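Here is the structure we will look at.
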Amino acid sequence: MKKHKVTLVKGYQVASGLANDLQFPNGTISAQTPFFKTLGLCLDGFFSATLNVKFNCQKIALSKADYSFQNVKWHSDIPAEDFKFYYCQIWFKNTAYNGFIYQPQIKTKVAHFQPENQLELLAPYIKNITYGDTLHISSNSIVLHYQ
């Protein structure tokens with residue numbers, strides 16, 4: 001698998017709960033995790049937030065998902081959403097972490113859209129990581145488009 005160099009960027013902070021959004025006091029990941037577990041994806045050991053990473057390209061496409069869930073009604077005030085997850089490895093300071101590319105599907109997502117050259121990652125807690133840090137991501141699913 002090819003390693004892609006990416007930069008950690010600040011997201012909306014809704015996934016982690018740091019946005020102080022009263023609708024998601026503990027964050028969206030914390031709220032969604034039990035639903036994913038019921039559907040067969042256990043995220044125990046993963047930090048309840050996403051890492052937002054920016055690629056040096058115009059657009060990212062993702063091929064076959066490792067997990068795909070449709071019509072997940074994870075919040076009483078939000079319409080059901082579709083989600084896809086792709087295995088990945090994340091390298092930070094010469095340490096590899098197993099993770100997932102987390103992708104709520106645009107056709108069902110209601111807010112907090114990402115630029116076409118960014119992905120959200122789920123990973124275990126990574127100590128001393130900060131915005132602007134360089135990471136490397138590998139996944140058989142990533143296809144970069146430069147034009």
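The values are calculated or read from the model by the stated rules, or taken from the named source; none is laboratory data. Being a predicted model, the structure only gives us computed values, none of them experimental. Here the Cβ is made from the backbone with ideal geometry for all residues, glycine too, and neighbour counts use every protein chain on show. Just the protein is used for accessible areas: all its heavy atoms, side chains included, with ligands, DNA and RNA removed. Shrake-Rupley method; radii C 1.70, N 1.55, O 1.52, S 1.80 Å.
For ASP77, are the conditions met, namely being at pLDDT 90 or above and on the phi < 0 side of the Ramachandran plot?
no
Please work out which residue is nearest to ASN140 (Cα to Cα), limiting yourself to segment 62-80 and to residues that are among the hydrophobic types (A, V, I, L, M, F, W, C) and not in a strand (DSSP E or B).
ALA65
Could you tell me which residue of segment 62-74 is nearest to LEU119 (Cα to Cα), considering only residues that are touching an Asp or Glu at 6+ places or on another chain (Cβ under 9 Å) and open to solvent by less than 60 Å² (accessible area, probe 1.4 Å)?
SER68
Looking at segment 35-47, I want the residues that are on the phi > 0 side of the Ramachandran plot and have a partner that is at pLDDT 95 or above and open to solvent by less than 50 Å² (accessible area, probe 1.4 Å) with Cβ atoms under 7 Å, at least 6 apart or on another chain. Which pairs are those?
Close Cβ pairs (under 7 Å, with a partner that is at pLDDT 95 or above and open to solvent by less than 50 Å² (accessible area, probe 1.4 Å)) amount to GLY45/PRO124.
Looking at segment 51-67, which of the residues that are in contact with a strand residue (DSSP E or B) (Cβ under 7 Å, 6 or more places away or on another chain) and charged (D, E, K, R) is nearest to LYS84 (Cα to Cα)?
For segment 51-67, the residue satisfying everything is ASP66.
Does CYS57 satisfy the condition of being touching a Ser or Thr at 6+ places or on another chain (Cβ under 7 Å), closer than 22 Å to GLY11 by Cα and not polar (S, T, N, Q)?
Against the criterion (touching a Ser or Thr at 6+ places or on another chain (Cβ under 7 Å), closer than 22 Å to GLY11 by Cα and not polar (S, T, N, Q)), CYS57 does not qualify.
Looking at segment 28-61 only, could you name the residues that are polar (S, T, N, Q), open to solvent by 20 Å² or more (accessible area, probe 1.4 Å), modelled with pLDDT under 95 and not in a loop (DSSP other than H, G, I, E, B)?
If the condition is that a residue be polar (S, T, N, Q), open to solvent by 20 Å² or more (accessible area, probe 1.4 Å), modelled with pLDDT under 95 and not in a loop (DSSP other than H, G, I, E, B), then SER30 is the only one that fits.
Can you list the strands (runs of 3 or more DSSP E) found entirely within segment 81-147 that contain at least 1 residues being in contact (Cβ under 8 Å) with a residue 12 or more places away in the chain and open to solvent by 40 Å² or more (accessible area, probe 1.4 Å)?
81-92, 95-104, 134-138, 142-145
Restricted to segment 6-27, and to residues that are crowded, with 16+ Cβ neighbours inside 10 Å and modelled with pLDDT of 85 or more, which residue is farthest from VAL143 (Cα to Cα)?
LEU8
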